[in-house]
Amino acid sequence: MSNSILCAVDVSHGDEDVRTIQKAARLAALDGAQLDVVAVIPDYGMSSVAGFFDKDHHEKMVADAKVLLDEVVTKALDGDQNANVRHIVATGRAYEEILKLANTTKPALIVVGAHKPDLSDYLIGPNASRIVRHAKCSVYVVRDT
């Protein structure tokens, strides 16, 4: 069994994932596990949409996502905890990249947030739902209160 926990967040949601990160950090502390926090940005490079963006658009998106990820983790955790967290930014479809990363790092647990659902996402969001269904490890879903 791996000694890491993978926490997936959406940096475009602002502070909505602070509770998710805090829960993941508490779970990691219980097991003395490494906490990895991942944010996934969309990949426009493979579609016809890519032609509408500057060539360095992807690099700017990654840089912005790293800043936003650091900000949300800093809001969620104190400086000592944050210093030990691995911040990861991936590109692609959120659930695919999270599952791919989980297959590579083999975490003991994946922690995801379930925000207030829309009608189309009645129980949990589409990314969280796919992660729950396809992950090879346990998945902990943090619900909004």
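Every read-out reported here was derived from the displayed coordinates using simple, explicitly stated rules and does not represent laboratory data. Please read all numbers here as calculations on a predicted model, not as lab measurements.
For Lys106, which lysines qualify as cross-link partners when the Cα separation must be under 30 Å and same-chain residues fewer than eight apart are set aside? Partners within reach: Lys23, Lys60, Lys66, Lys75, Lys116, Lys136.
Across region 4-143, Cα pairs under 8 Å and at least six residues apart give a relative contact order of 31 percent.
Just to be sure I understand: if I project the alpha-carbon convex hull of region 4-143 onto a plane and average over all orientations, what area do I get in nm²? Intermediate results must be reported in sequence, preceding the final value.
On the way: hull surface 35.1 nm².
Computing the convex hull of the Cα atoms and averaging its projections yields 8.8 nm².
Maximal additional length on extending the Ser12-Lys60 stretch stands at 15.8 nm, based on 0.36 nm per residue less the C-alpha distance.
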